Amino acid sequence: MSLKTLYEISSFVTKRDLSGLSLLGDSDSSESGSMFLQLLDGLSRSLWQNDEQACNAIYGTESANSPAYDMLKSRAKDKMINLLFQSDTLKYI
């Protein structure tokens, strides 16, 4: 998945009123949660041009092809999509 795709998803997430919804699930460790928040913050502020820059900012010396970075992007995508579904569901409750 490309960084551009994450930018597009995060633009929907950050435009929604998500008060009352948790960005992090209860099962997240503080380290992985922190990395997710770094990624989400960077996406919302358009800090990076490519995966190399994002990966370097979050992991330091990791390659953008690293399994850890791929996992972070995948989990971030899943969490943001879940947040969108939760916010839509709350409208009708």
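For Phe85, the accessible surface of its heavy atoms amounts to roughly 130 Å² (probe 1.4 Å, protein chains only, rounded to the nearest 10). Rounded to whole numbers, the Karplus 3J(HN,Hα) couplings from phi for region 58-70 are 8, 9, x, 9, 5, 7, 5, 8, 6, x, 5, 5, 4 Hz, using 6.51 cos²θ - 1.76 cosθ + 1.60 with θ = phi - 60°, and x at Gly and Pro.
The values are calculated or read from the model by the stated rules, or taken from the named source; none is laboratory data. Remember, it's a predicted structure, so these values are computed and weren't measured experimentally. We work out accessible area using only protein heavy atoms, side chains counted, and drop any ligands, DNA or RNA first. Shrake-Rupley method; radii C 1.70, N 1.55, O 1.52, S 1.80 Å.
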